[in-house]
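Asks: There's a structure below that I have some questions on.
The values are calculated or read from the model by the stated rules, or taken from the named source; none is laboratory data. Computed from a predicted structure; not experimentally measured. In this analysis, Cβ positions are derived from the backbone assuming ideal geometry, glycine residues included, and neighbour counts consider all displayed protein chains. Accessible surface areas use protein heavy atoms only, side chains included; no ligands, DNA or RNA. Shrake-Rupley method; radii C 1.70, N 1.55, O 1.52, S 1.80 Å.
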Amino acid sequence: MATLSARALNRATLARQFLLERADLPAVTAIERLAGLQAQAPDSSYVGLWSRLRDFQVDELAKPLAAREVVRSTLMRGTVHLVTAEDALTLWPTMKPVVERGFLGHYSREIAGLDLGAIAEAGRDLLAGGHRTRAEIRTALADRWPGADPTTLAYAVNSLLPLAHVTPRGLWGQSGPVAFSLLDEWVGEPISDGIPLDDLVLRYLAAFGPATVRDAQAWSGLTKLKEVFERLRPRLRTFTDTEGKELFDLPDAPRPDPETPAPPRFLPEYDNVLLSHADRARVIPDGRRVPLPPGSGGRRGTLLVDGEFLAIWAIKGAKLTIESRKPLPDKDLITEEGERLLEFVVPGQEHEIRFGIGG
């Protein structure tokens, strides 16, 4: 088997994530090909798509989000993702054990003695035909389970039922409390039987490969995927990394020359390209933590330089601050891209860009 260096893996993943060259695709198509975007911070997906799509405008996401063609829902790794409506309906049954496992592990003490099935049913009744904020869910269930922690009850509903995060939260420049609807009611279609694991792995490799079994498990939160890869082996190409770990990939997926230039890319704070491998060295060579600052997103994030996470950025007013642990190369290119970012986030103002050392 051929050996792929960390730089080769970096360029392959960047190509599939549209971070080597921006793609000419509709936002909905891009979201499907990317296997979703991490979306805890509701505005972050706009910056994520701006970095990946040529001439991306806010309405290219805001309109399909308002039309419910794409939704934010708790899926891979038990975290909030922006996915197409069709993917949400097929991914939820497959990801349900992951979401439930995360909830049960985090709230094990608080849920002791509670009837989770009854809580889920009460939540379903509460949400049927409409939507409720997390605070409303918490208050309603606290009346029925007065001895239980109300926050735990609300998170139980969020983890045990297929839900969509409803707008206006998630529409650029708009705000609102976290509110939920039953996923099938929000989309207007029934929940499916789930995506077959073979298809899920192929989708993952198309968006993030080449990858190990552990990488796919880290991205999804699922376990015991080795047998899936073995079943798919005749359809895949195999490689090794420089440590001898076996990598799998789609035969015809892009694997650019490792020396292919990688332009600076401003990513949102918790971008999937930084989170979707067990071994993150292909994009985070120094192992630094991926930040998730508070807020709605869209004004803070991470910066890739030559394909690697080397700095964090923040916009306050019309000023962009870029902070790195050591001086950055390619400052002229970073400045040009930063100007474009400022024009996207805060258009029509007099912009300022500053570089700093720290963190």
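Asks: What do you reckon, is Asp143 outside the structural domain of Gln40 (by the TED database) and either part of a helix (DSSP H, G or I) or open to solvent by 30 Å² or more (accessible area, probe 1.4 Å) (or both)?
Replies: No, not satisfied.
Asks: From (1) at pLDDT 95 or above; (2) closer than 30 Å to Val283 by Cβ, pick out the condition that doesn't hold for Leu160.
Replies: (2)
Asks: Taking the residues in region 207-257 that are hydroxyl-bearing (Ser, Thr, Tyr) and in a loop (DSSP other than H, G, I, E, B) as candidates, determine which candidate is farthest from Glu32 (Cα to Cα).
Replies: By that ranking, first place goes to Thr242.
Asks: Residue by residue through region 277-306, note down the ones that are under 15 Å from Arg11 (Cα atoms) and open to solvent by less than 10 Å² (accessible area, probe 1.4 Å).
Replies: If the condition is that a residue be under 15 Å from Arg11 (Cα atoms) and open to solvent by less than 10 Å² (accessible area, probe 1.4 Å), then His277, Val283, Ile284, Leu304, Val305 are the ones that fit.
Asks: Considering region 155-213 alone, what residues qualify as being among the polar types (S, T, N, Q) and touching a residue at least 60 places away in the same chain (Cβ under 8 Å)?
Replies: Listed by number, the residues that qualify are Asn158, Ser159, Thr167, Ser175, Ser192, Thr212.
Asks: Can you pull out the residues in region 242-298 that are touching a Pro at 6+ places or on another chain (Cβ under 9 Å) and under 30 Å from Ala318 (Cα atoms)?
Replies: Of everything in region 242-298, those that are touching a Pro at 6+ places or on another chain (Cβ under 9 Å) and under 30 Å from Ala318 (Cα atoms) turn out to be Glu269, Tyr270, Ser296, Gly297, Gly298.
Asks: Would you tally the residues in region 1-20 being more than 17 Å from Leu202 (Cα to Cα) and of a type in the set (Lys, Arg)?
Replies: Of the residues in region 1-20, 2 are more than 17 Å from Leu202 (Cα to Cα) and of a type in the set (Lys, Arg).
Asks: Also: Quick check: is even one residue across region 283-293 more than 30 Å from Ala211 (Cα to Cα) and among the β-branched types (Val, Ile, Thr)?
Replies: Within region 283-293, none of the residues are more than 30 Å from Ala211 (Cα to Cα) and among the β-branched types (Val, Ile, Thr).
Asks: Looking at region 7-33, which of its residues are outside any helix (DSSP H, G or I) and either open to solvent by 10 Å² or more (accessible area, probe 1.4 Å) or hydrophobic (A, V, I, L, M, F, W, C) (or both)?
Replies: Passing the criteria: Phe18, Leu19, Leu20, Glu21, Arg22, Ala23, Asp24, Leu25, Pro26.
Asks: Could you list, in sequence order, all residues of region 296-336 that are free of Cβ contacts under 8 Å to residues at least 40 places away in the same chain and of a type in the set (Ser, Thr, Tyr)?
Replies: Those that are free of Cβ contacts under 8 Å to residues at least 40 places away in the same chain and of a type in the set (Ser, Thr, Tyr): Thr302, Thr321, Ser324, Thr335.
Asks: Residues of region 307-338 being among the hydrophobic types (A, V, I, L, M, F, W, C), more than 20 Å from Val283 (Cα to Cα) and over 23 Å from the mean Cα position of the chain (by Cα), which ones?
Replies: Within region 307-338, Ala318, Leu320 meet the criteria.
Asks: Check Ile284, Ile191 and return the single one that is in a loop (DSSP other than H, G, I, E, B), farther than 30 Å from Arg340 by Cβ and modelled with pLDDT of 95 or more.
Replies: Ile191
Asks: Which of the residues that make up region 51-83 are open to solvent by less than 20 Å² (accessible area, probe 1.4 Å) and assigned to a helix (DSSP H, G or I)?
Replies: Leu61, Ala62, Pro64, Leu65, Met76 - these are the residues of region 51-83 that are open to solvent by less than 20 Å² (accessible area, probe 1.4 Å) and assigned to a helix (DSSP H, G or I).
Asks: Being among the hydroxyl-bearing types (Ser, Thr, Tyr) and open to solvent by 60 Å² or more (accessible area, probe 1.4 Å) is the filter here; which residues of region 205-264 pass it?
Replies: Thr223, Thr242 - these are the residues of region 205-264 that are among the hydroxyl-bearing types (Ser, Thr, Tyr) and open to solvent by 60 Å² or more (accessible area, probe 1.4 Å).
Asks: Also: Across region 146-188, which residue is surrounded by the most Cβ atoms within 10 Å (Cβ to Cβ) among those that are part of a loop (DSSP other than H, G, I, E, B) and of a type in the set (S, T, N, Q)?
Replies: Thr167
Asks: When region 265-274 is examined, which residues are found to be open to solvent by less than 10 Å² (accessible area, probe 1.4 Å) and not in a helix (DSSP H, G or I)?
Replies: Scanning region 265-274 gives Phe266, Leu267, Pro268, Glu269, Asp271.
Asks: I'd like to know if region 290-299 contains one or more residues that are under 18 Å from the mean Cα position of the chain (by Cα), assigned by the TED database to the domain that holds Thr335, under 15 Å from Leu4 (Cβ atoms) and not aliphatic (A, V, I, L, M).
Replies: Among the residues of region 290-299, not one is under 18 Å from the mean Cα position of the chain (by Cα), assigned by the TED database to the domain that holds Thr335, under 15 Å from Leu4 (Cβ atoms) and not aliphatic (A, V, I, L, M), which makes the answer no.
Asks: Write out, first by first residue and then by second, each pair whose Cβ atoms fall under 7 Å of each other, whose residues are 6+ apart or on separate chains, and whose first residue, in region 119-131, is in contact (Cβ under 8 Å) with a residue 12 or more places away in the chain and assigned to a loop (DSSP other than H, G, I, E, B) while the second is surrounded by 19 or more Cβ atoms within 10 Å (Cβ to Cβ) and not polar (S, T, N, Q).
Replies: Partner pairs satisfying both residue conditions: Ala128/Leu182.
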